[in-house]
Structures are given as C-alpha cells and as structure tokens.
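Structure first, commentary second.
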C-alpha cells in the first residue's frame, strides 16, 4: 500500500501538481484529490486541516510516520507535515483510503 501512495505522490510531484507544507495546503485545498497528513503534525493544525478538508470534501490520509518520513516518501529534501495532491488516479486513491486501518 505504501508503494501505491509513493507512486501517486511522486507522479503529482514530478508533474508539479501538489502543495507541500501546512500553510501552502491550507491556501490551496480546493481541487485537491488527496490530503496526506503526517503523525508529527501539531494537534491544532491537524484539526484545522481536517475541518477545511471535510468542508471541501477532500479525502484525508493519515500517514503513519514523521514529517521526515513523509518527505522521503515524496522525494523532497525538507520536512513535510502535510501534502495535498492535485492529481492522481481515483481508483488508486480509493485503494489507499480503503486499506487504512
């Protein structure tokens, strides 16, 4: 399942159809197909993002790992607490969301 998530994230990043970082994600939540949040995100920010995502009907994926691990998964050289993907195959996204615990 991590392989699918990695594949979707890398495709979005290579085509420049993503936003990384909490502030950037909050500014551009519209049009997001999948929002990925790391475990190390602050509780207040997490709640804010969750509220914004639910009001915009954006699916959330809770990444089981730190912001550093999420950055590695996405292939970016800096820590990332949240990533919004603007592109991705709906079937793959649904597979990722259905497999979470």
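A short reminder: the numbers here are calculations on the coordinates, not readings from a lab. Predicted, not measured: the structure shown is a model, and the values here were computed from it.
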Three-way shape label, region 1-47, alpha-carbon gyration tensor, a/c 1.5: oblate
Highest-fluctuation residue, 73, 35, 85 considered, GNM on the chain with Cα pairs under 10 Å: 73
Residue with peak Gaussian network fluctuation, the chain [Cα springs, cutoff 10 Å], from 47, 24, 91: 91
Centre separation in Å (Cα based) which lies between region 46-92 and region 20-45: 6
The chain: calculated mean residue ellipticity at 222 nm from DSSP helix runs of at least 4, using -39500 (n - 2.57): -14500 deg cm²/dmol
Three-way shape call for region 46-101 based on the alpha-carbon gyration tensor, with the a/c threshold at 1.5: oblate
Max mean-square fluctuation residue, GNM over the chain, Cα-Cα springs under 10 Å, options 29, 90, 13: 90
With 10 Å bins from 0: P(r) over the chain, alpha-carbon pairs, percent: 16, 57, 27, 0
Relative contact order [Cα under 8 Å, 6+ residues apart], the chain, whole percent: 42
Share, in percent, of DSSP beta bridges within the chain that are antiparallel, nearest 5: 65
